[in-house]
Amino acid sequence: MIKPAIIVLATIVLASLIARHVPGINGPWYWKWPWRNLPFAPLYPALLIAATPFIAAQMLYRRRRGDERGAFMAVTLLTLATLAISLTAMFVHTKPYGLSRLVAMVQSPIVNSYYSDAVAIQRNIEENPNLSTRAALDDYPLLLPHLHLHSRYKPPGLMLYYLVWVKLFGPGEAAAAGGGIFIAILGALRVPAAFWMFASLTRNRDAAFNTASLLALAPGANLFLPTFDTIYPAIACVLIVLWARALARGRVVDASAFGALLALGLFLSYIFLVFGVFFVVYALMKIADEPRPMIRRAIIAGAIAAATIFACYGVLYAISGFDPIETARTISRLQMRDLIALRRPFPAHIFFDVLDFGLAAGWIVFGLIVFLFTPPHRALRRGSPAGRLVLLCLLQIATVALAALLPGEAARLWLPMLPLLLVPAGLELTRWPFAARVGVYACLWLMLAVLCQNFAFVFDPFQRPPPTAAAAVR
């Protein structure tokens, strides 16, 4: 019982420091999450009610853990729980309660530049018959410097997402509400995606369910709505599964699906390029096991995936004139110009980035990862699927941290890697009794609630003045 006691004690200490707004707990000197102080009610009772599907999922999985249908139903309940929690954290905030807060955040050019720029482009199209969505894509590299905040550092996919809603409902509350709620729904798919990833790569359903449970309650996955970052963990998990299947089965459809999804991901954000470490090392591990067939499969799968990406962008270029290479170059120049002004201290920021990333998982997950190696879990034996997955996950995160590929605001920017951070924690929980696991989940829920009450993760249009442009870039 020592391990559960340590987790409970750490939760009490961390929650107390956060609730007291102790300086430093909200970030280092060069970047801090803004404080806020929301009332206990209705936030805590509402978040507890939203977590009821999570409680039902734990009970159902315990009774039917050997039943595939039971596992599916339990994961579905986890998915409903994370959707309810993320929407509750948004709606039951401060007055005005409800959907109006989500609408205001989507419409804010500070929070969600993509909606604002989609509205501007649609109005220009309506006022000028010579303009069109296709023309906007053709001129996208030229438009980038004139877009709002976040939009100018991203490919056009996120803006086009809101442009679809604006075209369907017109610029207004209906389009903003529809776009924001659909992001919440898509983001909730990170839970079944994480379960699928772990179960596919290790055949360890219990560890997969524990990982999905941790992800369902993870503060970073729930408190950054309505940003698109909450969707990226699901895409990352599916990419990993498709790449593993392409190598394991050697089928063209798997490699093509991997390439098509990666092309879509890169149309939304270039952040998925960081997973090259995972894909390459995973392929090398498979080649070490079976050199002859795997070398051939890895080369063919990589070639098919690359060809699919080129084909997707080739078709897009033929239809609209969109130039992905020039777009990437322009975005790179804009990022370098603005990131220099942020003055993040290298290499000191590496430690603080990892610490901030841990914030997205409620910090107590770090303790579970340490416990996994003291003493080592038997699933970590050399060459085991679970051991390899843990190694790959930690290697991926360490590479991003040490290479400073995504410096700053790691709690949000590193969200695609959040399932990877939770993989070793989920494996550790497989050797904990049910009551102890439930205790960990209760602690994580408390961390979620305390962080929601005291940290302003997303700019609130109703509460405080907008941040500077440099801060908003992050």
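Can you find a residue that is within 24 Å of the chain's Cα centre (by Cα), in a helix (DSSP H, G or I) and in the same structural domain as Met447 (by TED's automatic domain parsing) anywhere in the stretch 63-72? Even if it seems obvious, please write down each step before you answer.
Just the residues of the stretch 63-72 that are within 24 Å of the chain's Cα centre (by Cα), to begin with: 71-72.
Subset that is in a helix (DSSP H, G or I): 71-72.
Going one step further and asking which of them are in the same structural domain as Met447 (by TED's automatic domain parsing), we end up with 71-72.
Yes.
Considering Ala104, Ala56, the condition of being under 21 Å from Ala194 (Cβ atoms) and assigned to a helix (DSSP H, G or I) is satisfied by Ala56 alone.
For the residues Arg134, Arg190, the requirement of being surrounded by fewer than 23 Cβ atoms within 10 Å (Cβ to Cβ), touching a residue at least 24 places away in the same chain (Cβ under 8 Å) and either more than 30 Å from Ile240 (Cβ to Cβ) or touching a Phe, Trp or Tyr at 6+ places or on another chain (Cβ under 9 Å) (or both) singles out Arg134.
Using the structure shown, decide if Gly250 is surrounded by fewer than 24 Cβ atoms within 10 Å (Cβ to Cβ) and on the phi > 0 side of the Ramachandran plot. Considered against the rule, which asks whether it is surrounded by fewer than 24 Cβ atoms within 10 Å (Cβ to Cβ) and on the phi > 0 side of the Ramachandran plot, Gly250 comes out as yes.
Table: residues versus (1) in contact (Cβ under 8 Å) with a residue 24 or more places away in the chain; (2) out of contact with any Lys or Arg (no Cβ under 6 Å at 6 or more places or on another chain); (3) hydroxyl-bearing (Ser, Thr, Tyr).
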{"site": "Ala89", "(1), (2), (3)": "yes, yes, no"}
{"site": "His93", "(1), (2), (3)": "yes, no, no"}
{"site": "Arg101", "(1), (2), (3)": "yes, yes, no"}
{"site": "Ala104", "(1), (2), (3)": "yes, yes, no"}
{"site": "Val111", "(1), (2), (3)": "yes, yes, no"}
{"site": "Pro129", "(1), (2), (3)": "no, yes, no"}
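For Phe54, state whether it is aromatic (Phe, Trp, Tyr) and surrounded by fewer than 16 Cβ atoms within 10 Å (Cβ to Cβ). Judged against the criteria, Phe54 is not a match. Check Ala379 against each of (1) in a helix (DSSP H, G or I); (2) surrounded by fewer than 19 Cβ atoms within 10 Å (Cβ to Cβ) and name the one condition it does not meet. Every condition holds for Ala379 apart from (2).
Given the structure, is Leu131 of a type outside the set (D, E, K, R), outside the structural domain of Leu316 (by TED's automatic domain parsing) and in a loop (DSSP other than H, G, I, E, B)?
For Leu131, the condition - of a type outside the set (D, E, K, R), outside the structural domain of Leu316 (by TED's automatic domain parsing) and in a loop (DSSP other than H, G, I, E, B) - is met.
Looking across the stretch 360-382 at every residue that is touching a Ser or Thr at 6+ places or on another chain (Cβ under 9 Å) and not β-branched (Val, Ile, Thr), the one that is nearest to Leu217 (Cα to Cα) is identified as Gly362. None of Ile121, Ile85, Ile49, Ile125 is assigned to a helix (DSSP H, G or I), assigned by TED's automatic domain parsing to the domain that holds Phe209 and over 23 Å from the mean Cα position of the chain (by Cα) except Ile49.
Listed conditions (1) surrounded by 24 or more Cβ atoms within 10 Å (Cβ to Cβ); (2) among the hydrophobic types (A, V, I, L, M, F, W, C); (3) assigned by TED's automatic domain parsing to the domain that holds Val438 are all met by Ala199, apart from (1).
The values are calculated or read from the model by the stated rules, or taken from the named source; none is laboratory data. The model shown is predicted, which means the values in this text are computed figures rather than measured ones. Here Cβ is always computed from backbone atoms with ideal geometry, including for glycine, and neighbour counts include all displayed protein chains.
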